[in-house]
1. Which one is nearest to the other protein chains (Cβ to nearest Cβ) among residues in the range A:31-71 that are outside any helix (DSSP H, G or I) and aliphatic (A, V, I, L, M)?
2. Looking only at residues that are within 13 Å of chain B (Cβ to nearest Cβ) and not in a helix (DSSP H, G or I) in the range A:271-286, which one is farthest from residue B:146 (Cα to Cα)?
3. Give the number of residues within the range B:32-57 that are surrounded by fewer than 21 Cβ atoms within 10 Å (Cβ to Cβ) and farther than 27 Å from residue B:177 by Cα.
4. Being under 15 Å from residue B:194 (Cβ atoms), of a type in the set (A, V, I, L, M) and surrounded by fewer than 24 Cβ atoms within 10 Å (Cβ to Cβ) is true for just one of B:104, B:29, B:68, B:98. Which residue is that?
5. Tell me yes or no: at least one residue of the range A:163-181 is more than 14 Å from every other protein chain (Cβ to nearest Cβ) and within 22 Å of residue A:244 (Cβ to Cβ).
6. Please pick out the residue among A:357, A:280, A:337, A:298 that is in the same structural domain as residue A:191 (by TED's automatic domain parsing), of a type outside the set (D, E, K, R) and in contact (Cβ under 8 Å) with a residue 12 or more places away in the chain.
7. Those residues that are modelled with pLDDT under 95, more than 14 Å from every other protein chain (Cβ to nearest Cβ) and closer than 27 Å to residue B:225 by Cβ, I need them from the range A:201-242; list them, please.
Amino acid sequence: MSMKRREFLKTTAGGAAAFTVLRGKAWGQAKPVRIGYTLSATGPYSVGAGITQGPNYTLWQEQANAKGGLLVKGEGRRPIEFISIDDRSEHETAVRFYEKLATDDRVDLMLPPWGTAMNFAVAPIANKYGYPLLGPTAVSNKIKDLQLPYFYALLQQPDQIMGAFAGILKELKAQGKISKIAIAYVNDLFGIELNASAATALKEAGLDVVDVKSYPLGVKDLSPVLKGFKAAGVDAFVGLTYPPDNILATSQAKEVDWNPPVWLAAVGTAFPFYRDRFKGAEGVMGIAGWNPKVKSAGAKEYFDAHVKKHQKEPDRWASAFAYASLQILERCVAEVGLDRPKIKGMVDSTEFQTVAGPIRFVKGSNVSTPGMVGQWQKGEFEIVWPKSLATGTPVVPKPAWA
Amino acid sequence: MSPTLVVDIVVGGLITGGIYALVALGLNLQYGLMRVLNVAHGEFLMMGAYLTYSLHTAWGVNPLLTLLITGPASFGAGLVLHRLLYARVLAGEAAEALESRSLLLSFGLLFVLQNAALLLWSADLKGYSYLAVPLHFLGSVFPANRLVAAAVALAVSLAFYVFLQQSFLGKAIRALMQDPEGAQLAGINLSRVHGLCFGIGIAMSAVTGSLISMLFELTPFIGLPYTVTALVVVILGGLGNVAGSLLGGLILGLVETASVYLAASDIRLIASYAVLSLILILKPSGLFGR
């Protein structure tokens, strides 16, 4: 059936009229602030991205839009629109998309992807096009060597983290609770850097490291390493881990009948998933940075809002920093608008009060948050080091594995 | 070398190797018999693992008993997939085209299964504890769950080997592996046996997954490394050779474990590929290949 010419004209004219009306209406509303990013929904990075960053991005967007949008200086509130894709944990996919965000979509702001390597990959692009990028999951001593003025790292870096590890271990040794330390680290950039920082920090603290073992990413059996440490009489295990190997090491320690007085590991311990997986994980220590008991303004409200929206708790390390990075952006946009060099100027020169405590950047690194050690105690990841920020006291030796 | 170290290496190697053998057997049935290089093989392992995880955590079913569900369910799924997808691709194609087409099809299947798992279970790590207790023997200590998983895997592999040697269907499968045309002339229904073998292969992968779920955390992306390992074992043992896959799996497990104990965890992969290269140089058709 063919459409008659007259009918065709009528339909088209009607459509065009409707289009004009709708467009007029859209113009009446505030234009959205367009924010671009990639996160890994698939591939090896998806676990961390889905715990630490994704839920905070969507929580923040929902909260801001519920208030009518992001307050932009001189323009009132504008709704937040995200432009994002799954980067499939591939660096080149992320790099291409950030390039497209800058040149094609011309987004107003950018948020970082998840993980140190991903941040390293896209930071030069954000820097090239002058987008301030506040990374809550980039941990590397090399960040300051990159000399990318538009990149900011919120999390504690390896030297600070290992400084905290050495601090608490030194005190425990002075109390006569431990004497022999052994380190197992994942053999990639992250683990190698942490291990290098650990060697320096532990040596300075006068601690005796009896064994150091590395293992590859994706390791399936850590029992040889653990059996070796057990045979050497190690009483403080330090694991410089990613989440999967952290969980593997923890379950295998119990399986080879080894329960050292101190079990201290890196990434993964602060996940509520870890606590639930090991029936409370009582006494297990790890890298910390935050829990709902810290004194920062809005910490408890943030925790409750996160649980309400996602039906899961934020992790006890980087989640709050991911949310803090958004609070920082929000405040800058409210005070200087969407002019990115001005945002950068403000990020460089301001101390921000966030859910994760005060944050101030010097040459792109957050200098306000010290390295911290946490310990699972009765369902909460208590901060046990440094003492000035502690929400609990360390329990050593740890109880038997549940 | 102390006796404890020998025990550690041999038992540890058999534990790893038993699991490798079962997952490789499944792949060998598909690749050795049908020239279907099923790169989604590991995805069925992942699905089996998640099924066991869900049955165990939601209804408290004993993980070992879930084999009775994951096995038959995946066998059925394999039959259906073969009928719907592979049978059409396999019908009347020259061998070369067949391999590349089935490869494409399997890649598609890999993405479909991964994303289905992502929707159903999300990318969060999932896991549970089962038999996570130490067993002391011969002066060393081993995780009970790994011993049980490896024992079940080896038992299933051996049962399948006996089935191939003794049963009528097993003989038909071996005949097809040896000489497809001759076997058909003798009255063996090629497409029916292919379907069954595809189903059995998938079931073996899923059952391995059920066993693995007792040991490792799950994500939708755990499958591919097992496909790669299975492929190494299949090549090591010889294409289409069931005993070869069994022994190949055990050898690979022993080599990997020995390298970890005697050198370092980091050289595990290097050692296994070195052995593979060596065997391919000395005997290109695999250890037991003809």
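1. Of everything passing the filter in the range A:31-71, A:41 is nearest to the other protein chains (Cβ to nearest Cβ).
2. Among those residues, the one meeting the criterion is A:271.
3. 5
4. Numbers: B:104 fails: under 15 Å from residue B:194 (Cβ atoms); B:29 fails: surrounded by fewer than 24 Cβ atoms within 10 Å (Cβ to Cβ); B:68 fails: under 15 Å from residue B:194 (Cβ atoms).
Being under 15 Å from residue B:194 (Cβ atoms), of a type in the set (A, V, I, L, M) and surrounded by fewer than 24 Cβ atoms within 10 Å (Cβ to Cβ) holds for just one of B:104, B:29, B:68, B:98, which is B:98.
5. Kept after step one, since they are more than 14 Å from every other protein chain (Cβ to nearest Cβ), are these residues of the range A:163-181: A:163-181.
Restricting the remaining residues to those that are within 22 Å of residue A:244 (Cβ to Cβ) gives A:165.
Yes, there is a match, as at least one residue in the range A:163-181 is more than 14 Å from every other protein chain (Cβ to nearest Cβ) and within 22 Å of residue A:244 (Cβ to Cβ).
6. None of the others qualify; the one that does is A:280.
7. Scanning the range A:201-242 gives no hits.
Matching residues to (1) at the interface with another protein chain (Cβ under 9 Å from one of its Cβ atoms); (2) surrounded by fewer than 21 Cβ atoms within 10 Å (Cβ to Cβ); (3) at negative phi; (4) not basic (Lys, Arg):
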site: A:269; (1), (2), (3), (4): no, no, yes, yes
site: A:288; (1), (2), (3), (4): no, no, yes, yes
site: A:298; (1), (2), (3), (4): no, yes, no, yes
site: A:301; (1), (2), (3), (4): no, yes, yes, yes
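The values are calculated or read from the model by the stated rules, or taken from the named source; none is laboratory data. None of the values given here were measured: they were computed from a predicted structure. Cβ coordinates were reconstructed from backbone atoms using ideal geometry, including for glycine residues, and neighbour counts include every protein chain displayed.
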